[in-house]
Amino acid sequence: MNWWKHPRPDSLMGTLDSPVYLRWTAVLQMFWLFALISAPWGVNGFHWDWFIPSVISMFLYVACYMQVFFGPIRHMVRNATIILVMGFALWTVNPVAIGYVVIALSMLAFAPGPRPWLVATTVCSLVTVLWVHWFNIPTIQAWVMPFVGLVTGYGNYLYARTIRRDVQLRLTQDEVTRLATLAERERIGRDLHDLLGHTLSLITLKSELARRLAIADPPRAQREMEEVERVARHTLAEVRNAVTGMRAGDLGCELVSARLMLEASGIALAIDKPASLALPTQAEAALSLVLREAITNIHRHSRATEARVTITQEGQTFSMRISDNGCGGLAAHGNGVSGMRERVRQIGGRLAIDSPAKQGTALAIELSHITLQERIA
């Protein structure tokens, strides 16, 4: 069953990132095969002339059908076409075989472009007209075929196009993140080189000088080592400050990342914030991590269609509210809530959660006047 959980990358499921909805749709559409046997049996009774070809067609259908979803996408049109031809051939003895044709048209709409689906719908509509005249098929089916083919196919075409755009957006976001990480590593390397290169060279020279003077002039050697110690402590303080800056979060960048993540999931994000924020480094870093965790929860668990981040700062008072219209029911200590509470507590703030079932979730973070003043001081 590995092919079900991890479809091959060049398959329809693989290129669409294996959405759960599509996987279960592929399974549920198999159950119509019961009607292929039960419907004609109930209307006309059992006859070998329709029963045997119907049973044989079921095996061929299952093989081609699963290949459409889990086989190479380059063979998708071929497998769907086999189902189309088989449907028209069986239609002459089993009227329920029209289901083969309809399902094949809907599957062709999952192709990377709309052309196979539109061409197949046109051809099938013309062939249906011929079948009406040649095999005494009800005329109404000649009118139903193009309508059903276009309507069912159009829904699948829009769904597949949306999923492909989401996948492409996620890939783009991953690439942007990778490039940003690479740029940050290069910046850190340059900063550390500029910060430590000269200082370490100075420490090396003075250490060598102190070693040579240790016997000839001990007092001067001691002064040189004291200078080495002073330079080393000063450099250590600079490195700590630099690392603190590297670790600090940027609330503005985190908001941009949040928008990319949620829009890739089909969740509209509205952001209300001041033109500029005056936050101490420690507070901004903690708030950035809290925002990231909250947005990740919305992305993974909320099943929301809309979310909002509202940030206000009046003087030394700061508040941030993160809300969504999802399923709610966020546990008081689950989904990273404990970690968010701890981060907010460390900067002297308060975190309140309102998450009634089926009514969305709202997280409110507040930092008091005293807290901000203390951090800035």
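The values are calculated or read from the model by the stated rules, or taken from the named source; none is laboratory data. Bear in mind the structure is a predicted one, so any value in this text is a computation, not a measurement. No Cβ is skipped: glycine too gets one built from the backbone with ideal geometry, and neighbour counts run over all protein chains shown. Ligands, DNA and RNA are excluded from the accessible area calculation, which covers all protein heavy atoms including side chains. Shrake-Rupley method; radii C 1.70, N 1.55, O 1.52, S 1.80 Å.
Tabulated results
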read-out	value
Failed criterion for ALA35 (all others in (1) assigned to a helix (DSSP H, G or I); (2) among the hydrophobic types (A, V, I, L, M, F, W, C); (3) closer than 16 Å to THR152 by Cβ; (4) touching a residue at least 40 places away in the same chain (Cβ under 8 Å) hold)	(3)
So ALA183, is it open to solvent by less than 60 Å² (accessible area, probe 1.4 Å) and in contact with a Gly (Cβ under 8 Å, 6 or more places away or on another chain)	no
Cβ-Cβ under 9 Å pairs, at least 6 apart or on other chains, the stretch 54-72 side modelled with pLDDT of 85 or more and assigned to a helix (DSSP H, G or I), far side among the aromatic types (Phe, Trp, Tyr) and crowded, with 16+ Cβ neighbours inside 10 Å	SER57/TYR100; TYR61/TYR100
Unique match (being over 23 Å from GLN168 (Cβ atoms) and touching a residue at least 40 places away in the same chain (Cβ under 8 Å)) among LEU291, LEU260	LEU291
Within the stretch 224-241, tally of residues that are of a type in the set (D, E, K, R), within 26 Å of THR281 (Cβ to Cβ) and either in contact with a helix residue (DSSP H, G or I) (Cβ under 9 Å, 6 or more places away or on another chain) or at pLDDT 85 or above (or both)	1
Of residues in the stretch 108-133 being exposed (fewer than 13 other Cβ atoms within 10 Å of the Cβ) and at pLDDT below 85, the one farthest from ASN156 (Cα to Cα)	HIS133
Among (1) of a type outside the set (Phe, Trp, Tyr); (2) more than 19 Å from the chain's Cα centre (by Cα); (3) surrounded by 13 or more Cβ atoms within 10 Å (Cβ to Cβ) - the single one ARG345 does not satisfy	(3)
Selection status of ARG292, over 25 Å from THR162 (Cβ atoms), out of contact with any His (no Cβ under 9 Å at 6 or more places or on another chain) and among the charged types (D, E, K, R)	yes
Scope the stretch 68-103; condition under 20 Å from THR15 (Cβ atoms), open to solvent by 50 Å² or more (accessible area, probe 1.4 Å) and among the polar types (S, T, N, Q); matching residues	THR81
Candidate set from the stretch 201-225 (those that are free of Cβ contacts under 8 Å to residues at least 12 places away in the same chain and closer than 22 Å to ALA237 by Cβ); member that is surrounded by the most Cβ atoms within 10 Å (Cβ to Cβ)	ARG223
Subset of the stretch 271-325 [of a type in the set (Asp, Glu) and touching a Gly at 6+ places or on another chain (Cβ under 7 Å)]	GLU284, GLU293, ASP324
Residue among ALA248, ALA270, ALA221, ALA216 that alone is at pLDDT 75 or above and in contact with an Asp or Glu (Cβ under 9 Å, 6 or more places away or on another chain)	ALA270
Of all residues making up the stretch 294-322, the number that are touching a helix residue (DSSP H, G or I) at 6+ places or on another chain (Cβ under 9 Å) and either without any contact (Cβ under 8 Å) to a residue 24 or more places away in the chain or small (Gly, Ala, Ser) (or both)	4
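This table checks each residue for (1) under 41 Å from the mean Cα position of the chain (by Cα); (2) surrounded by fewer than 15 Cβ atoms within 10 Å (Cβ to Cβ); (3) charged (D, E, K, R).
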site	(1), (2), (3)
VAL27	yes, yes, no
PHE34	yes, yes, no
SER38	no, yes, no
VAL43	no, yes, no
PHE51	no, no, no
SER57	yes, no, no
MET66	yes, no, no
